[in-house]
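Below is one structure; the comments refer to it alone.
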Amino acid sequence: MSAPQSNQDATVWPILIMALGSFVLGLTEFSSMSMLPLIADSYNVSPSQAGNVISAYAIGVVIGAPLFMLLTNRTNRRTSLIIFVAMVLLGNGFSAVASSLTELIVYRVLSGLPHGAYFGTALLIAASMAPKGKRASYMAKVFAGLTIATIVGVPMATLIGQSMSWRVCMAIVAVLALITLVLIYWLVPSCPVTEPSKLREEFAVLKNKLVWSISGIIFVGFGGVFCIYTYLADTIMNVTQTPLITISIAMMMFGVGTTIGNLLISKLADHAPISTTGIALLCSVGISLMYVFAASNIWWLYITVFLLGASVGLAAVIQSMLLDVSPKGHAMIGALVQCAFNTANAIGPMVGGAMLASGASFNEVGYASAMLFFGGFIMWALSYMQMRNRDMQPAMG
């Protein structure tokens with residue numbers, strides 16, 4: 001066996017285990033959305049009040065991503081992963097036994113704290129393991145766990161929640177986190193930080209106005225995704241009025257859309273990243289409006305949810321744009337992206353919940369989603385104008 005082949009074989013298990021951690025985080029974040037009606041029923045609260053559970057997780061990520069990425073800047077990366085997974089274990093374990101909605105919200109914040117830092121650290125470990133020319137593919141394998149969670153894990157968790165209890169789902173996630181923690185300790189190699197970045201360089205990123213306007217596409221625009229996704233189960237139960245199994249199918253369609261959208265949008269963006277982003281955001285406005293009317297027919301709803309999932313494919317394109325406009329401080333960029341996505345994850349349910357509280361039906365959150373996506377398009381336009389003024393010559397394909 002050649003040396004390069006031997007080295008690649010030695011990375012298989014560590015990459016798979018870190019992908020398992022991504023799978024656990026994907027379940028932690030997305031499965032609670034599909035079980036929101038069950039959580040609302042168990043605490044006898046309204047769907048809009050139960051939506052605070054989703055926002056709480058997002059708030060945890062927003063706080064934890066930059067905080068833990070900076071606090072563990074000099075810590076052995078395997079040790080950091082173990083700490084982050086232990087927090088996921090505790091957060092989900094406590095969530096499973098929460099006696100009140102307020103308690104559950106607190107534990108969801110705890111569950112969210114390590115989310116962004118785990119991804120940032122796991123990607124750095126994967127990049128350090130990758131042979132020349134394979135860095136992107138190795139990092140993508142770690143992210144694959146999150147994709148599998150949206151396609152397989154969340155629908156399965158939804159079925160378990162419907163047949164048993166949402167508490168059982170969170171307990172299962174806690175057990176998976178424990179298994180992941182043990183496997184990281186045994187099989188992921190030690191990864192000391194050889195050249196820690198300077199905090200001054202990391203924080204300097206935050207002075208770049210273009211970084212903020214591009215991040216704003218996520219902060220505002222991606223709230224449109226979570227505005228619909230959070231109340232999708234309620235829409236199917238109350239508007240579409242089809243059997244509960246269709247909720248799991250719809251969640252699976254979203255996951256498949258995310259996977260395909262990630263592949264197609266990234267390929268288009270290789271040639272024209274700026275125009276691809278703008279067009280995709282405008283298409284997402286149309287998809288959100290389509291959702292309002294598609295909710296009356298489950299087949300049209302499946303198609304709409306698939307297309308909504310495909311819009312998530314913009315994530316990699318936007319992160320790539322951020323790295324291009326900020327040659328240094330990539331740890332902070334990674335943390336900022338996680339903050340942006342999870343701020344969107346907090347904004348979406350809040351805006352949708354406000355509409356529901358004012359008397360709107362569940363499918364009408366599509367109007368709020370369209371407004372959020374259009375807000376993302378405005379941020380895209382501001383970013384493009386800044387790039388043009390700086391003579392960055394963005395590709396308009």
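Has the stretch 214-237 got at least one residue that is under 28 Å from Met18 (Cβ atoms), free of Cβ contacts under 8 Å to residues at least 60 places away in the same chain and of a type outside the set (A, V, I, L, M, F, W, C)?
So the first thing to find is which residues in the stretch 214-237 are under 28 Å from Met18 (Cβ atoms), and the list is 214-215, 217-219, 222, 225-226, 229-230.
Then keep just the ones that are free of Cβ contacts under 8 Å to residues at least 60 places away in the same chain; that gives none.
For the stretch 214-237, residues under 28 Å from Met18 (Cβ atoms), free of Cβ contacts under 8 Å to residues at least 60 places away in the same chain and of a type outside the set (A, V, I, L, M, F, W, C): absent.
Can Ser48 be described as at pLDDT below 85 and either over 23 Å from Gly255 (Cα atoms) or assigned by TED's automatic domain parsing to the domain that holds Gly224 (or both)? Reasoning before the result, please.
Numbers: at pLDDT below 85: yes; either over 23 Å from Gly255 (Cα atoms) or assigned by TED's automatic domain parsing to the domain that holds Gly224 (or both): yes.
Against the criterion (at pLDDT below 85 and either over 23 Å from Gly255 (Cα atoms) or assigned by TED's automatic domain parsing to the domain that holds Gly224 (or both)), Ser48 qualifies.
Among the numbered criteria (1) part of a helix (DSSP H, G or I); (2) surrounded by 20 or more Cβ atoms within 10 Å (Cβ to Cβ), which one does Ala98 miss? Every condition holds for Ala98 apart from (1).
The values are calculated or read from the model by the stated rules, or taken from the named source; none is laboratory data. Here the structure is a predicted model, which means the values were calculated and not measured. As a convention, Cβ positions derive from the backbone with ideal geometry for all residues, glycine included, and neighbour counts pool all protein chains shown.
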